[in-house]
1. If you count, for each residue, the other Cβ atoms within 10 Å and average over each peptide, how do 33-41, 16-24 line up from highest to lowest?
2. Each residue of the stretch 32-48 in turn: what ³J(HN,Hα) in whole Hz from Karplus with 6.51, -1.76, 1.60 and θ = phi - 60°, glycine and Pro shown as x?
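What follows is calculated from the coordinates using simple rules that are stated; it is not laboratory data. If you're wondering where the values come from, they're calculated on a predicted model, not measured in any experiment. Note that each Cβ is placed from the backbone with ideal geometry, even for glycine, and that neighbours are counted across all protein chains shown.
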Amino acid sequence: MPDSDDYCLYCERDSQQVPLIALAYQDKDLWICPQHLPILIHSPAKLADKLPGLANLPPAEEHHHR
Ligand SMILES: [Zn+2]
């Protein structure tokens, strides 16, 4: 775990290694690198263990209708 607060929530690389994109979620400031941003967009459930609540967030490009 890096000492710095700013590291990708998925791979934990810090901004010395990769550019990081800031996120705001549930009153927290989070960071994600460009490599893992698509996971947040397309497969948010994969981040549910890191971000509780994301399991309920539907993937952006799936359109299921019941
Ligand atoms: Zn990452």
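1. 33-41, 16-24
2. For the stretch 32-48, the Karplus-derived couplings read 9, 8, x, 5, 10, 4, x, 5, 4, 6, 9, 9, x, 4, 5, 9, 4 Hz, x marking Gly and Pro.
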